[in-house]
Amino acid sequence: MSTLDTRPPALLGTSGQIFLAITLGVAVLVPALNLLLPPDSPFYIPTYVVSLLGKYLTYALLALSVDLIWGYVGILSLGHGAFFALGGYAMGMYLMRQIGTRGVYGDPVLPDFMVFLNWKELPWFWWGFDMFPYAALMVLFAPGVLALVFGWFAFRSRVTGVYLSIITQAMTFALLLAFFRNDMGFGGNNGLTDFKDILGFNIQSDGTRATLFALSALALAGGYVLCRFLVRSHFGKVLVAIRDAETRVRFTGYRAENYKLVAFVVSAMLAGIAGALYVPQVGIINPSEFSPANSIEIIVWVAVGGRGTLVGAALGAVLVNYAKTYFTSGLLAPYWLFMLGGLFVAVTLFLPKGIVGTFYEWREKRRPPPDEAAPPLAEPRPAE
Amino acid sequence: MSTTETLEPAPVDAIAKKDLTEALLYLDGVTVTFDGFRALNALSFTVDPGEMRAIIGPNGAGKTTMMDCITGKTRPDRGDVFFAGGTVDLTKLDETQICTLGIGRKFQKPTVFESHTVLDNLRLALKGQRSALPNIFRKETAEQRDRIDEIFETIKLTEHRGRLGGALSHGQKQWLEIGMLLAQDPKLLLVDEPVAGMTDAETAQTAELLREINANGHSVVVVEHDMTFVRDLGVRVMCLHEGSVLAEGTLDQVSANERVIEVYLGR
């Protein structure tokens, strides 16, 4: 009897170590190249690029959160953009309150759009957002509570598969419509913008931008370690079992709905953190972040990188968004959506395991003893 | 092994009248209708603690529906399903609660976790913590490891422990699933067609395995078509037909029954 295979897989496999090294490396390197080098140096990274890269990193964290539930539990959420946007709005509300008298109307308490709407006092749900710790809590709490309530009903009613995907899509669409309304008190169509500073630091300054970038990289690294810790625990094994044979899991004595709910809430909170880091770097949050197309785009990132690999999801997010930045700024701009659609079709047809999944498969074939590669996806087979 | 006692013939009436409090499993007048089709028709029978029972019957006789009723997958329209001496009403509970009570089920189609290793399949099934949050921080104890090794010995898959569940042969999957049942340590095992698609040698080994499990104090209900296998088990046999018990007794008694020959065995 071999004792080798009773050893749990390492928290960080080879790919995980490489991933963390790169993430932590850029967390130091990019800010350093931006802050320490003179602008005429060939290695200088302009501040706008730092923010652009920072945006990619928040997308990578968002993709990671989707991979946790799609790759490991089989929950295809087509509404994850909603959790990202809610985290973003929570941060945006804090940033709005920091503007103070520097707004166009100079009201010390009310954000400009409220003055414009002739509101006399701050609505109750804006209370407390002048304090950063409260806002930070809301970044986790708002998406977490929505996921808890939504998931509690959906998973208890045993809504699965395409039906679940459809109602997640409906959820984000409903929020899109709600946030568009001026009466909601979240700035309507225009959303929240004109941010001035964060924790007392000028949000436009190089130092703040570089710090936000570094924090995004750290959040991505932390999110990866958390997901990896979860999926290799006994809890994570149950998640994969649910993905492959949910009925069997129930007949084995596990409450599948509770496992799904925990994973869904953790995933929503990670998406919320990603949104909160995204907003100060792009300088705006508006209802378009809730649009269903955004959520579908996240799925494309994960599919391209490799579902159920974590590293792949992050890689996919960065690659697709780099391509998006590249192609939407030139002659090809009008055709970007066709390219995105084409990419999804191509990946589904020719690279069904995504880039990293295909690489793992190739490595597996070359080297007989199995290591820390994620469990390959089996077709879900309903128990008879 | 106490096969001689279980082979004692007993008339159907005596069993039906048996006291509710003595039975491990007690079904009385269970009726299930699907779109007008009566899958179970006032089905009544009991299983004693420590008993092994084989159930035969033609396709559509209600064998799988009976298991669905016991394990909470289907709610009966009428009738009682009690467990553990009448203390628990199974019709009020869901699959997970029933499993936790100590009723394990093997499905007709072998259902193992295909992308987990054989070892992880057993780890997942092993009796223990089932709540989500504590399982995030769960550590495997030496006791649990020993128990898993024991089960591997029983189901003879020790050298396959590192392979993926999906990579096993059909017969090995059946054994793994039986091993997963054992790991749950249920009071009652419901085993649906365990030897379907097995070679003769595998079939004989499976009969041996189930007898061993039964000898260790687990009650077992086996649904099977394979008569050789049922004979190998050497236990009381019950023939279902159109949702109720047609005949019950030793295999010889049941297979000599005119009605059984007519509807199931053929002349």
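The values are calculated or read from the model by the stated rules, or taken from the named source; none is laboratory data. Because the structure is predicted, anything quoted here is derived from the model rather than measured. Cβ atoms come from the backbone with ideal geometry, glycine included; neighbour counts cover every protein chain shown.
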Considering every residue within segment B:40-58, establish whether at least one is within 28 Å of A:Tyr72 (Cα to Cα) and more than 8 Å from every other protein chain (Cβ to nearest Cβ). no
Which number in (1) assigned to a helix (DSSP H, G or I); (2) under 21 Å from B:Gln174 (Cα atoms); (3) more than 14 Å from chain A (Cβ to nearest Cβ) marks the one condition that B:Leu122 misses? (3)
Looking at (1) assigned to a helix (DSSP H, G or I); (2) surrounded by 15 or more Cβ atoms within 10 Å (Cβ to Cβ); (3) among the small types (Gly, Ala, Ser), which one does B:Ala196 not meet, given that it meets all the others? (1)
Looking at B:Thr87 and the list (1) facing chain A (nearest Cβ under 7 Å); (2) over 28 Å from A:Gly71 (Cα atoms), which single condition is not satisfied? (1)
So B:Met180 ticks every box in (1) at the interface with chain A (Cβ under 8 Å from one of its Cβ atoms); (2) of a type in the set (A, V, I, L, M, F, W, C); (3) surrounded by fewer than 23 Cβ atoms within 10 Å (Cβ to Cβ); (4) outside any loop (DSSP other than H, G, I, E, B) but one. Which box is left unticked? (3)
When only residues in segment A:78-115 that are loosely packed, with under 15 Cβ neighbours inside 10 Å and hydrophobic (A, V, I, L, M, F, W, C) count, which is farthest from A:Gly200 (Cα to Cα)? A:Val104
Unique residue being more than 8 Å from chain A (Cβ to nearest Cβ) and assigned to a loop (DSSP other than H, G, I, E, B) when the list is B:Lys173, B:Lys127, B:Lys109: B:Lys127
Filter segment B:1-56 down to residues that are small (Gly, Ala, Ser) and in contact with a helix residue (DSSP H, G or I) (Cβ under 8 Å, 6 or more places away or on another chain) and give me whichever is modelled with the highest pLDDT. B:Ala54
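Whether any residue in segment B:156-170 is basic (Lys, Arg), surrounded by fewer than 21 Cβ atoms within 10 Å (Cβ to Cβ) and away from every other protein chain (no Cβ under 13 Å) is what I want to check.
No: zero hits.
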Of the residues in segment A:12-48, those that are under 16 Å from A:Ala214 (Cα atoms) and part of a helix (DSSP H, G or I) number 19
Has segment A:7-21 got any residue that is among the hydroxyl-bearing types (Ser, Thr, Tyr) and in contact (Cβ under 8 Å) with a residue 40 or more places away in the chain? yes
Check on B:Ile98, of a type in the set (A, V, I, L, M) and either more than 10 Å from every other protein chain (Cβ to nearest Cβ) or part of a strand (DSSP E or B) (or both): no
